[in-house]
Structure formats: structure tokens, C-alpha cells
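Remarks on the structure that follows.
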Amino acid sequence: MPLLSPPALPQNHSQTPSARHTSFGLLPRLLALTLLFAAELVLLSTWLDNSTLVAQGGILALVGESGAWAVRGAVGFAALLVTFAWLTRRSALVSISTNAVQTPIRLGFLAAHFATMTLFGALCWTLYGGNLGAFPPGLAIALWLLTGLAGIVFALIALIAPNIWSQLLHETRAISVFAFALVVAACIAGNYIRMLWGPTTNLTFFLSRTLLSLFVSGIVSDPATKLLGTQKFQVIIAPECSGFEGVGLILAFSVFWLWLFRRECRFPQALLLVPAGVVTIFLLNAVRITTLILIGNAGAPQVAAGGFHSQAGWIAFNAVALGFSFAATRVPWLTHRAPHTAPSISPVADASDNPSTPYLLPFLAILAVGMLTTAASSNFEWLYPLRFVAAAAVLWTMRKRYSSLDWKFTWFGPSIGILVFALWIACDALQKSAAAGLPQPLANAAAPLRIGWIAFRILAAVITVPIAEELAFRGFLLRRIASANFESLPTNTFTWLGLLLSSVAFGLLHGHLWFAGAIAGLLYAWAMLRRGRIGEAIAAHATTNALLACYVLTFHKWHLW
């Protein structure tokens, strides 16, 4: 099967080994390039501090200031180009992918790439470390740029032959111009977006003050400093609290949802959900600030400034996202399908009617309970065991729905888990994360309470979390991107796009270790796809988490928990 065929026609990896190796088409090669460049970018950005280059002034400062935007622009251009090419030139890409299958990977150019990037690293050390000496800065920068570009070209030629690139560029020339213009506009807008923080913060301050006046009297308000509250509790509404983050998240969610369920949505009316979601999340940000002040005024300032402040935004986002998905799948004006057959991620959907519910509900239960318990916490989440209880209850209630899945595993799953654990520790060490000892509230607690909390933390990490996340990301999302009727697909069936998106989504769940999380997602998917057993992926995930638990408790690396 061509690798760039429609997602409804996924690749089946139950084929013979020879067939498996000959079907290395265009999309997996692009995926390999993405992972290679992302890994090198993470390594360089972790090692180098761009501010040191800016501080040197002159032409070095210009390179430092423009470099970050150039990287963002390149990533955005690639993402837009691939997305729109897939949607509008799919048949041509299928033909190009068929040609790519017949082209071997050029190991010589791949070796040249790594040699060139080694030289590029040495030049980075010279520029960023201020070790130029008598060497002219202009010449050093020219060599640095040429070496970096040469490394990129070598990698491009190594994985995709020049004639394939020529065909690809020919078919996507109009899309390339559109994507380039859009990225340039986005970079310019992004550079000036801070100008909107002032007016947006003023609007958020006005809305919050208006809402607060409905509940309390004697409001303390200073528009100049954005101080707002009561005599007992006040907050300062910083520009970062103006609601931009929530707007960006709901925009990303909306676009992804409408693309994923594009066959079920009615266009253009479904597009109205996007501005509706943006307006709703912005208004809920004012509600969040008002509620935070009311909680602090009621005598719980630690809860307000601690758990609620950090979690209320995520609670609002999830509420809007669930409302968006409910409207998109249950309102006839917005969907082609009847309400009882429309896909949904709503946890209130009937599991007997909705095949996605058993896969998503355990994961959603962990997220929902986690946000609530964190929001209700002051300086420590003592209610964490409720996450384990909620997930375990959902899994037990729906146990009959999982009877068709293969829960067996061999040595391969735990082996993958050990590999991911080593990767996780290496990435954490590379990022030089500050080690955190035992949280003070936990250290001060009575021994039975402390031991009980740690026991539930381990049980969740080793049992409920691996099962819930593997059901959601590998059992559901990986196959759902391939076909709307995902349950009819064997668990060793996938598309490269589904593999990439499900792994990246899994990685983003893990914060600053997102790249390690994405690689872990790919490895867990490999564990499942090898023999079509979700039990292998769960065993791999559980092994990783068990080893992390031992590592945390042995070496007091509590920041990993």
C-alpha cells in the first residue's frame, strides 16, 4: 500500500518481513527527517544560550535575535506545507511516495551530515563562547551558516533523492508560496503580539472587576498596576494572565478537531465553533480570576494561590474543549451524522453507543480528577490517591469492553520499557533539571500517611496510568487517525501520520520532556504494532514507570514525579 494513501486505507504490518522493509515511502522518510532535525535542535538549544550571542552585540547580536524566529519559521513552513499538500495533492503524493520506495537511503550523505554537524557544533562553541580571538566575526558567521546549511542539505539528500524532491516541489509550488507567506506573516505578528498584551490585560481587568463587584463590596482596584481584590486578598493581573494562552490552546484544539472529524462536520457552519470557543475561553479566564479572589477572600489564600491558580485554566480549557466536541457531534446543524452515531470524546457519552468511550474515559477520568484535586490543594496534592481510585473504577466498570484486546506480553514489552527509562534519565540529565528532594509537606507528615501516599503514587504509575494512556494514545488515537471505524482495524495496523501525531500528542503531555515523551510514544507504539498486542505497550509503559519510581525513591529525584 502507498504510504501516502488516505488514512482510511492504513498500512498493515502483519505482512512478511520483506514487505515491511520495502514500503519505506515518502511519509516515513519525512518523519525520519523531522525526528533527526528535532533531536539535533533540542541538543543545540539545551547546550547553547542564545542570550550570550545577543549580548556580544554587532552582527552576532543580529544573528542571535533572528535565529530563533528563523527556526520557528522553518518548523511552521514545514508543518503547513505537509498539511496542505496532504489535503489538496494527495493523489500526486501517492505517486511520488511510490517512486520513493524504490530509492535507497544514501548512507554516505548521512555520514556527511553527521560530520558536518560536528563541525557546526565546534563553530557554535566558538561563536557562543566568545572564543573568536583574532578570527573575523563576519567570516566565522559565514562559515557557521554554510556549515549548518550543508548539514541540512546532506540530510535531505540522504533520505530523499534529489529527483523526488524535484517532483515534490513541482507538485507543491503554489502551496509552498502560500505556506511561506503565511509563516512570514505569522512571524511578524508573533514579534508584535506583545503589543496586544496591554489592551487584552485591560479588558480582562475590567471583566474581572465587574464580575467581582457582583459578589463582594469594598473592592480594592488599581488599573495602573492591575491590582484587584478585596481587603483580605488581592492579585495582580499580569500580561501572561490576560488569556492569550487559553486562546492559543483552544485554537489549536479546534483546528485539530475539525481536521480529525472533517468528514463528519458540516462546513462552513462548523467553523463558527472556532470563534465561539475563543470567546468562551477568554470570558472564562475572567471568571477564573474572580473565583481565585473569592477563594482567597473566603479564608483559603494558599488554595487560591496554589492549586486553584495553576489548575483553573486547564479546567476551563477542558470544559470548553468538551463543549466544543459535544456541539460538533450532537448538533445536527453542525454534523452530518445522527447524534447517536457521531464520534465523541465526551466522558458522559454512553459507552454502549460510542466505541471511543472505553478507550478515552479512563484517561479523561485521571485528567479530570487530577485537575480537581490539584485545584483543591494548597501546597501539596494530598488527594492524589483519588486519581488512582477514579481510573481503577472506570477500568473495572468497563472491563467487559476490553475483552477483544490482546493483553498478553513477552520480553519485548519490558525491554522497550527499559530503553525508554534510559532515554528519560538521559534527557533529564541533558536538560540539567534541578533535583528536588522530598516535598516538605510529605516529609513532615506522619509515617503512615507518607507511606500510604507514596504507595498510591506507585500503584497509579505502574497500573492505572499505563493502561489508561495506552488505551487512549495507542489503542484509540493511533487507529482513529487511520479510520473513523477504528475498532474494525487490527492493533497491528497503522498509518505513518497516525503514528507521528499520536506520539507527538503523547510527548506534549509530558511538559519540558516532550521530545523524550514523543520518542517514548513511538517506542510504545512499536511494542504494540510488532505483534498487535496492546499488552506489550502497557507492559513497556509500566516497566518504565516502575523503574522511574525506583529511581525517584532511591536517588531522591522527586522532580521526575
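If the segment from Ala484 to Gln231 were pulled out straight at 0.36 nm per residue, it would be longer than the present Cα-Cα gap by 85.6 nm. Per-peptide packing, taken as the mean over residues of other Cβ atoms within 10 Å, places 319-325, 172-178, 464-470 in the sequence 464-470, 319-325, 172-178 from highest down.
Between the beta carbons of Leu442 and Ala238, assuming R0 = 30 Å, the FRET efficiency works out to 0.50 to the nearest 0.05. Please work out the FRET efficiency for the pair Ala429 and Trp382, using the Cβ-Cβ distance as r and a Förster radius of 30 Å; give the result to the nearest 0.05. With R0 = 30 Å, the Cβ-Cβ based efficiency is 0.50.
Residue separation of Arg530 and His556 scaled by 0.36 nm, minus their Cα-Cα distance, works out to 5.8 nm of gained length. Label separation (Arg106 vs Leu459): 5.9 nm, computed from points 7 Å beyond Cα along the C-beta direction. The heavy atoms of Trp514 present about 110 square angstrom of accessible area, all protein chains included, probe 1.4 Å.
The listed residues Lys408, Lys557, Lys232, Lys226, once ranked by accessible area (1.4 Å probe) with the largest placed first, stand as Lys232, Lys408, Lys557, Lys226. Converting phi to 3J(HN,Hα) with the Karplus coefficients 6.51, -1.76 and 1.60 and the offset θ = phi - 60°, the stretch 96-112 yields 5, 4, 4, 5, 5, 4, 7, 9, x, 6, 8, 5, x, 5, 5, 5, 4 Hz in sequence order, with x at every glycine or proline. In this entry, the stretch 491-561 is assigned a mean projected area of 4.7 nm², taken as a quarter of its C-alpha convex hull surface. Each of the peptides 206-217, 492-503 was scored by the mean count of other Cβ atoms within 10 Å over its residues; in descending order, highest first, they stand as 492-503, 206-217. Using the Cβ-Cβ distance between Asn163 and Leu119 with R0 = 35 Å, the FRET efficiency computed as 1/(1 + (r/R0)^6) comes to roughly 0.80.
Between Ser221 and Val177, the distance separating the two model label sites (each 7 Å from Cα on the Cα→Cβ line) works out to 5.3 nm.
The values are calculated or read from the model by the stated rules, or taken from the named source; none is laboratory data. Owing to the predicted nature of the structure, the values given are computational and were not obtained by experimental measurement. Note: ideal-geometry Cβ built from the backbone for every residue, glycine included; neighbour counts use all protein chains shown. Side chains included, ligands, DNA and RNA excluded: accessible areas come from the protein's heavy atoms. Shrake-Rupley method; radii C 1.70, N 1.55, O 1.52, S 1.80 Å.
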